[in-house]
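Working notes, structure below.
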Amino acid sequence: MNENLTEFEDLVKRLLLPDNTIRGKAEEQYYTYLTEDTDSCLKFLLSMLNFSETPEVIAISLVLLRRNVVSEFNPFWSKSSKETQNIIHQSLFEEYSKQKRFYFKKLIADILIAIDKKSMNENEEKKSIDNEEFLIFLFKAIENNSELELQTFMYIIKEMCTYNPQLLVTKVERLSELFSNCLSNEVNLNIRSVTVVTICSFIPLLENENQEEYNILIPLMIEVLWALIENGDEDLAENCLKSIVQLASRTIKPFKKQIKLILEHMLKINETENEKFEIDMSLKLLAVELLITFIETASGVVVETEGFLTRLIQCGIQLITNIDENEEIDDFDNTKEIIAEEISPVSKGESILDRISLQLGGEMIVKDIFKLIPDLLGSEFWNYRFAGLRTLEYISEGCRKTMLPELGNIVELVLPLLSDSNFRVCYQAVDTIQEFSVEFCPFLQSNYSNLILPKLIKLFDSNSYLMKANVCACLTKYLQKIANPEPIIDFIPDIMDNLLKVFENTNFNNQSKEELIIQEQAISTIAAMSIALKTDFLGYYDHIMKLSKAILKEATLDEQRLLCGKTIDCVALIGRATGHENFENDANEVMKIMIDSQENSEINSDDPKLPYILKAWAQIAVVLKEKFVPYLEVLMPLIWEQAGQQIDLIVVDELDTQAQEALIGREVIVFGDKLIGINTTVLISISKALELCYSLVHVLGHHFIQYVDKTLEIVLHLTPCIYDQKIRYYCSSLIPELFNSIIVALKLKTINNLDKNVLDHFFNESIKELYNAVMSEEKQDILSSQLEAISDLIEYYGKEGIDEQNIPIIIEVIVSEIKDSVQRRELLIQKTIEGEKYVDESGLSGDIILQQDLQEENEIFEALTQIISNLAQNCYQFFYPHFEKLIFPFFNILIKVGNHPINSQYSFSALSSIILYCEQNLFQFYWEIIKENALEWMQQTEQTGVIQAAAFAIGVCAQRAGSDQLFKKDAPEIAKFIIQALQTISELEIDEDVILAKEHLISALGKICFYHAQTVPFNELAPVWLQSLPIEQDHKEAQWSIKSLIKYIEDSNNVILGENNQNLAKIFQILTFSADTDLLNKEVDDQILKLFRQFKNEYQPNQIESLIQDFEQELKEKFVEIWEKL
């Protein structure tokens, strides 16, 4: 046995050797042994703990043993016998108890944790017993208060928080007592620090009220942090503070009573200058992160803390002053490899100002900041002037409303620094103006161009290529945001002269890097200029087209690819801005150049030219429309090649540090014990190709027909792509567009050889892939696009297409997503109520993110309702039985007052669709539910969205009730409720929701009058309806109202016309407002004109003039214009 162990130890030693050849052979021998005799190999790995005297051998043996337990790809532990597993498991418990070295004890703990975790996944029945046994063992191990046992215990509990929180929560009292004891001053500092980390992992597992009880431990945790700082244990201090930050971002509950204490200590960390110890910058930045987190999660308490905001702002600005004058400036070089760096003090200072401005807004912080800005911008020290400018740049988004009235004064402070003697300050001044161009558009451009543009133009005289390039970049943003070119017209010649000088005497075969960088920015500025000027750009059109063609023909070097790409984009944008007539001939020539370039050189996914080429094709297609079709023959193979690329993945072991070097520059996700590195360049290339494809199908419609099959094959393959949400989004958007192009082509008879079986296959495959995608989708915005795609497919296929076999999986989608959406919404609302806010990767604050998430849930519910509506319209005979059995029970609950208004709103909408579109009369089944809940919701005046949907449902019921006695009995009461709701809503502050609610109430009243005139007091209700018109926003209701009004007039209805036609002026006003607008279709417009001609024959000019005398001037002019054309 010992001889075998000696041989095995020698094998493990060879695994550690640096010689690749020897180590490679040893790895091969090890894996052969592991494969052929798994049980013996696993036992030998554990035996090294007592047999070997070499620490490195013991360590790697334990690491390998754990790897065999956790590996999903090579499950050797699962292949071993149960006897071997039990022997190793029991031996590990014994070795854990005996082990006196923390490093080895921790490695043994890792294996026990791995086995514990695997037992949970593999054996549900044993799970509670095994894990209880493991925890009991751990508690027993710490009974002697050994520091080593306590330290390892805390490490294990922290890990257990991630995979078995339910068990730990049952031990909350015992753990809480232990946590408190381990934080005391008498305990070893290492144990205290790991206890802080463990507490931060444990608290989020608890219910909210239990989390709050942990506030008493927060001061002790802060004491541990300071003890570590003063002791010089920077790594442990950083780990503790990082855990506290993570806890604060997950829940605010345990901190609520201690926020002021923490604020003071975190500021103290940043402000402390002590001779005894120096606080590391990384720790200071973590303290700042905690401060910002509290602003985003408990802004009320933070703002009330006297002096805190001022100190935090000063802290942020002070961090920015750490800028190094020799630090490299962004040189616009897109070819450089992007390397992730540690967060710098400057970037953290920027983050402070950006995030607190977004969270608190200008009213809370601008006053404090602007006390500092004049001194900063006027400082004799360049880094303070720089910090002042950078501060203005980073607060402008969050403080836009507050800064806008003072923009003139702010611009006056910034302008002198565009001529600053220090290069970095001048450069930053340009950046600040660029940010202002975005945040204060178009106000900045309309009012201050005469001050700003001369300064920017002057900087073209700079000797620095970076400055010139930055000015171009600034002008690009400035021009992109122009609403009206008039304020900049006088400066256009100077700007264009300077831009064109950049290209003078260029030898594209021998071009300097500096010249190339300026030209790349300048060509983008010219493109932005064309968009701003539109047809006013025609004076430069010929010159720029000539220049662009020269660049595309002559700039053929690899480093010039970005310039060519931007030039192609510029040409396309100029074409779109100046119009089809001017552009068609040049477009053909440019596209031939693009095609030649494509055929003569390989364009890879990382080619900087590619995104611009793809975007340019789309822009040109918009201009040329069907004349673009011949170019698809060349373009589509490129798109298919890009979209059909194999996703570039590398999978490495999480413990293989040498192999992980291959992950540099890739996005990394963790999967079990593996790290998956993704080449995001390929993903971006695929999504760009899909985006272009979507644009082409959308613009070209049925002209795209011959490219549908191949495109659909690629799109369906990519629909479930888990690695990129943009790819999933464009796939779900493309599927219905491709399907519709076939449907339209068939209707127009541009294709004849396509039978229904092909369409059925297309539909079935698309629905199947979308079903799979929906069921696995985690991103709400992508989910809504996938649901919309299903809805669109149903709508496009229509009544003749959908078979019964398609219905069950669509129903499953609806039922599943209603359940999930309701649960998600309840969770989001609970977070909002409790103030549990958070920050996402983009830096947006919690309340903004919560509102976005709720809006995304609204869009999901809207898409579900639209699916139901389209199913009701197109295949009610297959769909309705499923609706009644599986879907209606949800809406029967969600429609009631007390549910979230959005849930009720869409419940009304769904039931309306069923009643309106199903051919059998379902009014009688749902009327009581709709009536009871509609009347209740109409009393909730602030819930205008639900009132709108409820009113629409009542209108639909009025329309479909026919002679039903039940509705006749209820109609008078319903009409009274509607009039009361109309009066109440009319008193609310006007916004779009209020207007739509009011319009649907008006329409519901109109439908009750129109369809049930004999049942209700028509003489009282009809005048109220008439005086409430016109409907100004909702197209369907406006159209119905005008058609009904015309019918009344044609029938000479005395109530509508009024005694002696006294309502005629109001009728003229309604018809004039609605005529020749996008509210009405041509048929209804023609009916209005026909009616006006009739009145023109019946009435004298002076009578007509008296009818319109009280019209507003704009409406009167519109009436006269219509009248004169009759």
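List of remarks:
- Dipole of the chain, positive direction: furthest Cα of F628, T402, F891, with charges on the beta-carbon: F891
- Backbone phi angles across region 299-311, fed through the Karplus curve with coefficients 6.51, -1.76 and 1.60 (θ = phi - 60°), yield HN-Hα couplings of 4, x, 5, 4, 5, 6, 6, 4, x, 5, 4, 4, 5 Hz in residue order; Gly and Pro are listed as x.
- Kirkwood Rh and Cα Rg combined as Rg over Rh, evaluated for region 382-472: 0.94
- Extent along principal axes [Cα atoms of region 873-980; Å; largest to smallest]: 40, 33, 18
- Distant-in-sequence amide H partners of G1058 (H built 1.01 Å from N, under 5 Å): N1063
- Total charge dipole magnitude, region 439-591, about the Cα centre, Cβ charges on Lys, Arg, Asp, Glu only, Debye to nearest 20: 320 debye
- With Cα atoms, 0 to 90° folded angle of helix 780-797 axis to the chain main axis: 40 degrees
- Check: the chain dipole with +1 on Lys, Arg Cβ and -1 on Asp, Glu Cβ, in debye: 1700 debye
- Of the chymotrypsin sites (Phe, Trp or Tyr not before Pro) in region 25-105, the ones in a loop by DSSP (not H, G, I, E or B) with at most 14 other beta carbons within 10 Å are F73.
- Based on alpha carbons, the Rg and Dmax found for region 851-916 are 12.1, 39 Å.
- For region 849-911 and region 675-702, distance of Cα centres in Å: 32 Å
- Cut-off 13 Å, label 7 Å out along Cα→Cβ of Q1094, residues of region 1014-1058 by amide N: 1043-1054, 1057
- Ellipticity estimate at 222 nm from DSSP helix runs (n ≥ 4, -39,500 (n - 2.57)) divided over the chain, nearest 500: -23500 deg cm²/dmol
- Along each principal axis, taking the top coordinate minus the bottom one, the Cα set of region 451-514 gives 40, 18, 17 Å in descending order.
- Placing unit charges on each Cβ (+1 for Lys and Arg, -1 for Asp and Glu) gives the chain a dipole about its Cα centre, and among V196, V590, I329 the Cα reaching farthest toward its positive end belongs to V590.
- Between helix 465-480 and the chain: long-axis angle, C-alpha atoms, 0 to 90°, nearest 10: 40 degrees
- FRET efficiency estimate (nearest 0.05) - Cβ-Cβ, T54 to I751, R0 60 angstrom: 0.20
- Inter-label distance, L261 to I22: 5.7 nm, where each label sits 7 Å from its Cα along the C-beta direction.
- Viscosity 0.890 mPa s, 25 °C: Kirkwood-radius Stokes-Einstein D of region 371-415 over Cα pairs, µm²/s: 228 µm²/s
- Cα-based Rg / Dmax (Å) for region 1067-1126: 11.0, 31
- Set against the 2.2 N^0.38 Å expectation for a compact globular protein, region 25-125 has a Cα radius of gyration ratio of 1.04.
- Paired Rg and Dmax values of the chain, which use every Cα atom, in angstrom: 35.7, 122
- For region 195-294, averaging the sequence separation of C-alpha pairs within contact (under 8 Å, six or more residues apart) and dividing by the residue count gives a relative contact order of 35 percent.
- Taking each residue as 0.36 nm, the span from K726 to I650 lengthens on full extension beyond its C-alpha to C-alpha distance by 25.3 nm.
- Axis of helix 923-937 versus longest Cα principal axis of the chain: the two differ by about 80°, to the nearest ten degrees.
- Taking all protein chains into account, the per residue accessible area for the chain stands at 46 Å² (1.4 Å probe).
- Debye-sum result for region 720-833 in log10 I(q)/I(0), which assumes one identical scatterer on each alpha carbon, at q = 0.19 Å⁻¹: -1.01
- Label-to-label distance, nm, for residues given as E186 and D490 (7 Å Cα→Cβ offset): 8.3 nm
- Using a Förster distance of 56 Å, the FRET efficiency for V63-I829 (Cβ separation, nearest 0.05): 0.75
- Relative contact order [Cα under 8 Å, 6+ residues apart], the chain, whole percent: 5 percent
- Restricting region 342-422 to GluC sites (Glu not before Pro) that sit in a DSSP loop and have at most 16 other Cβ atoms within 10 Å of their own Cβ leaves E342, E380, E397.
- FRET efficiency for Q980 and E1112, using Cβ-Cβ distance with R0 set to 41 Å, rounded to 0.05: 0.90
- Loop-located chymotrypsin sites (Phe, Trp or Tyr not before Pro) across region 355-403 with a Cβ neighbour count of 12 or fewer within 10 Å are F381, with loop assigned by DSSP.
- Computed extension length for Q1033-Q1062: 7.8 nm, one decimal, from 0.36 nm per residue of separation with the Cα-Cα distance subtracted.
- Rounded to the nearest 20 debye, dipole of region 922-1066 from Cβ charges on Lys, Arg, Asp, Glu: 600 debye
- Pairwise label distance in nanometres, H543 with N509, each label 7 Å out on the Cα-Cβ vector: 2.7 nm
- The residue among F179, P55, T6 whose Cα reaches farthest toward the positive pole of the charge dipole of the chain, with charges on the beta-carbon of Lys, Arg, Asp and Glu, is F179.
- Note: region 154-301, Cα convex hull, 101 Å³ per residue.
The values are calculated or read from the model by the stated rules, or taken from the named source; none is laboratory data. Nothing here was measured: the structure is a model prediction, and the numbers come from that model. Glycine gets a Cβ as well: all are built from the backbone with ideal geometry, and neighbour counts include every protein chain shown. Heavy atoms of the whole protein, side chains included, go into the accessibility calculation; ligands, DNA and RNA do not. Shrake-Rupley method; radii C 1.70, N 1.55, O 1.52, S 1.80 Å.
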